[in-house]
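Input: a single structure, listed below in structure tokens.
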Amino acid sequence: MIIGLEIHAELSTRSKIFCSCSTAFGGEPNSRCCPVCLGLPGALPLLNETAVEYGILAGLALNCTISVESKFDRKNYFYPDLPKAYQISQYDQPLCRDGWVEFELEQELLHAGVTRVHLEEEAGKSIHSGDNILGSDYSSIDYNRAGIPLIEIVTEPDLRSPAQAKAFLEQLKRTLQYIDVSDCKMEEGSLRCDANISLRPQGGRAFGTKVEIKNLNSFRAVERALDHEVQRQRNVLETGAAVVQDTRAWNEAKGVTVSMRSKEESHDYRYFPEPDLPPLAVNQVWVEELRQSLPEMPLPKRNRIMEQYGLGRYASDFLANSAIWADFFECAAKQYGNYKVLCNWLMGDVSRVLNARQEELPQSRLTPAALVELLRLVDDEIISGSQAKDVLEEVCATGRSSKQVTADLGMEQISDEDELTAMVEEVLAAHPEQAQRCREGEERLVGYFVGQVMKLSRGQANPKRVNALLRQKLQQ
């Protein structure tokens, strides 16, 4: 298997690449357009400097060389969502070139080359009457998306399995999110992938006939489509026939690729330099300033977290997969030294509450200080771990402090020994038969009695002290 990927990522600029129209997702169809987006006669493009900055940052994060001079080209093709009948892109002089990405699969470190990263404009969006273009009677066009800045990332044909392709894409997505140049929301179309795949005989050097699979909108779809295409091409070759070079679509429902058209070559697009934009000269001092601004990347961060905080690979991967979660953890870790407990809360109950509220961590009212305060209430046995989960939900909902929520809900644990002893004696007296069975070795009944005391105390008894007192009384 020889696999190469072409990834399109929408850049998170506020305005489009060649005009001032908004890039915000959604809106009434065709409400965020202007003569430049629509390619009306006389309209001229003006390059968005932030799009160039984000393109350079992406290139640097992917270990590319940044071109001192690049240029824009017209890529000519007709399709209804392309109002000018050409796309402003970059062809033979891209902004970034000759990079590489390290990624992991089953704890093996792998490497894939990046041929180029170039800037281009997004096309509009076709809205099909059916589930996809192949089964539709008609399509409508929304040009709100036309002109949003894109980077296209083209890999070398270095990937050797669908699983590698998926792992590479996951690492690439993390990297782009770390440097905050794209939100990479595949469900909104801001990250898309085309995959090229061919087969060659084991040990052979020449590449086989390449097939392109277009517009794969999830990592699972990439892996499944490549799995299917490998088997399809293998079946063709084993009959002695030749694989036809074409462009194919992935039918998710049927789990098959379907031919759309013959595969285009670069000459089919009749590239020529964009006459309305001058060559792009990039100041190398600016490039070095951007290089210095790059954050710590996901894999180095994961390795450092493992070493610095003594966390396992799974927990460290969880944190390092998101710069936001890693920063939250490290901020809290400055105030709270039990790193494993802190990470377990983030992976468990904090994630659960945010998912239930359909919130991302930055939108949540939970702060590192608030979580640390909550964990200290548990450590000091003011509230139980079970109560802490309820307090966490209230903190996330209201933004109040953990201490305030605990006081308002009357959740402070009962730890007074005399008060707890009275409750334990009351429960044992109410269940003499179970108490005798427990004394005779039926250990599981201790948990039953702890539950009865907690019920009697309305959940406020300190469960550790209740457990100790129960065992003490049962031994008398």
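Just so it is clear, none of the values below were taken in a lab; they were calculated from the coordinates. All of these numbers come straight from a predicted model, not from anything done at the bench. Virtual Cβ from ideal backbone geometry, glycine too; neighbours counted across all protein chains shown.
Per-structure values
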item: Virtual spin-label span in nm between Q434 and N217, 7 Å along Cα→Cβ; result: 5.5
item: In Hz, Karplus ³J(HN,Hα) per residue of region 215-231 (6.51, -1.76, 1.60; θ = phi - 60°; x = Gly, Pro); result: 6, 7, 9, 7, 5, 5, 5, 4, 5, 5, 5, 5, 4, 5, 5, 4, 5
item: Positive minus negative residues near L294 (Lys, Arg vs Asp, Glu; Cβ under 13 Å); result: -3
item: 13 Å beta-carbon shell around E121, net charge (K/R +1, D/E -1); result: -3
item: Cross-link table K173/K403; K166/K210; K71/K173; K75/K210; K210/K254, entries beyond 29 Å C-alpha to C-alpha; result: K173/K403
item: CD proxy at 222 nm, helix term only [per DSSP H run n ≥ 4: -39500 (n - 2.57); per residue of the chain; nearest 500]; result: -12000 deg cm²/dmol
item: Relative contact order (%) - criterion: Cα under 8 Å, at least six apart; region: the chain; result: 13
item: Average projected area [Cα convex hull, region 429-476], square nanometres; result: 3.0
item: Two-site FRET efficiency, F25 against V236, from Cβ-Cβ distance with R₀ of 45 Å, rounded to 0.05; result: 0.65
item: Nearby lysines by direct alpha-carbon distance to K334 (threshold 18 angstrom, same-chain neighbours under 8 apart not counted); result: K301
item: Cα-based equivalent ellipsoid of the chain: semi-axis lengths in Å, sorted from largest, via gyration tensor; result: 56, 27, 22
item: Model label zone, W100; criterion: amide N under 17 Å from point 7 Å along Cα-to-beta-carbon; scope region 144-173; result: 154-160, 168, 172
item: Rg/Rg_globular for region 358-435, with Rg_globular taken as 2.2 N^0.38 Å and Rg from C-alpha atoms; result: 1.45
item: Semi-axis lengths (Å, descending) of the ellipsoid that matches the C-alpha gyration tensor of region 126-239; result: 28, 21, 12
item: Overall Cα dimensions of region 277-412, principal axis frame, Å, largest first; result: 68, 36, 23
